[in-house]
1. Using alpha carbons only, how many degrees (0 to 90, rounded to 10) separate the axis of helix 183-202 from the longest principal axis of the chain?
2. Which of Leu54, Leu35, Leu63 moves the most in a Gaussian network model of the chain with Cα springs under 10 Å?
3. Lysines near Lys180 by alpha-carbon distance under 26 Å, same-chain residues fewer than 8 away left out - which ones?
4. Counting only protein heavy atoms and using a 1.4 Å probe, what share of the accessible area of region 222-275 belongs to carbon plus sulfur, as a whole percent?
5. Any idea how far the Cα center of region 133-175 sits from the one of region 87-122, in Å?
6. What residue among Gly43, Gly97, Gly67 shows peak mean-square fluctuation when the chain is described by a Gaussian network model with Cα springs under 10 Å?
7. Which label belongs to the value computed from this structure, given these candidates for Cα extents along the principal axes in Å: (i) 76, 72, 35; (ii) 58, 41, 37; (iii) 55, 51, 49?
8. Suppose the chain between Gln167 and Ser107 were pulled fully straight at 0.36 nm per residue; how much longer would it get relative to their current alpha carbon spacing?
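The values are calculated or read from the model by the stated rules, or taken from the named source; none is laboratory data. Please read all numbers here as calculations on a predicted model, not as lab measurements. Each accessible area value is taken on the protein alone, full model and side chains, heavy atoms only, with ligands, DNA and RNA left out. Shrake-Rupley method; radii C 1.70, N 1.55, O 1.52, S 1.80 Å.
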Amino acid sequence: MVTVRVPATTANLGPGFDTLGLALALYNTLTFEELAEGLYFEGVDPEYATAENLAVVAYKAVLSKLGLPMPGLRISVQAEIPICRGLGSSAALIAAGAAGANANHGSPLTRAELLAVCNDIEGHPDNLAPAIFGGLVASFVENERPYIARYSLHKRLRCTALIPDFQLSTHLARGVLPKKVPYGDAIFNVSRTAVLLRALEEGDTETISVSLRDKLHQPFRRTLIPGFDEAEALANSCGCVAFFISGAGPTLLCLSADPDFDARLAARLSELPGHWRQLPLPVDHEGIIVS
């Protein structure tokens, strides 16, 4: 029996569409106990307590890679990461299941090998890579193999999530994106992503505020998030360095460098239409932790 803790993640970071991801200190903790037979869940809504649960799918995928049969399984879940909010809940389940299977059988696979198995399930590593490795990660896939590069984030930078009380499916959020983009828009994003990574390392807030702009996904997805414009205006008036959609949304992230930003934002949060939860989220630097 093993316990796996996996962090939440935010993908894209503005211009880094399907490429950049950052691990955040909000966690799902799953315990995996192998049994002779059967599949049992604790702490899971009935609709997710099936063999299609992503943690189970990932557990089975690792065992298949190791040439082992799927046993019975009891899974206990303590979930802090909200579902369908753009904070990597699916990636967290997949990473946890893969890490749990690996640990229950002597941990023969490296984190890079676990990422490859997980990516076969998820289809893209932008959330998976930071969930597994922690911190700020850039990634892509070539010939079915994920490649990653890890970057540091300056210690003065802080993330604050604005989480609404409604969900937004990734399928719907991808559905509003154009099939083709202008050449100039592609250059706009590539150039800003390249500069953004160094600016985040150095804590250069002026460059970050310009580099976090995007033309590939946020102009289209913001229309799916009621209250986006008001939230952006409020965050900026409170001293936000940059404001962007977390993953596919609807969670919105504020990047700040002022220790008083959260207090100012909290004092005015009621000005936003609808119901929003403010959550300061330090960066997680460890990724998956197995005990």
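1. So the inclination is approximately 80 degrees.
2. Highest fluctuation of the listed residues: Leu35.
3. Within the straight-line limit of under 26 Å, Lys180 reaches these lysines: Lys215.
4. Carbon with sulfur: 52 percent of the solvent-accessible area.
5. Each part's Cα centre sits 17 Å from the other's.
6. Maximum fluctuation in the GNM of the chain, among the listed residues, is at Gly67.
7. (ii)
8. Extra length available between Gln167 and Ser107 comes to 18.1 nm.
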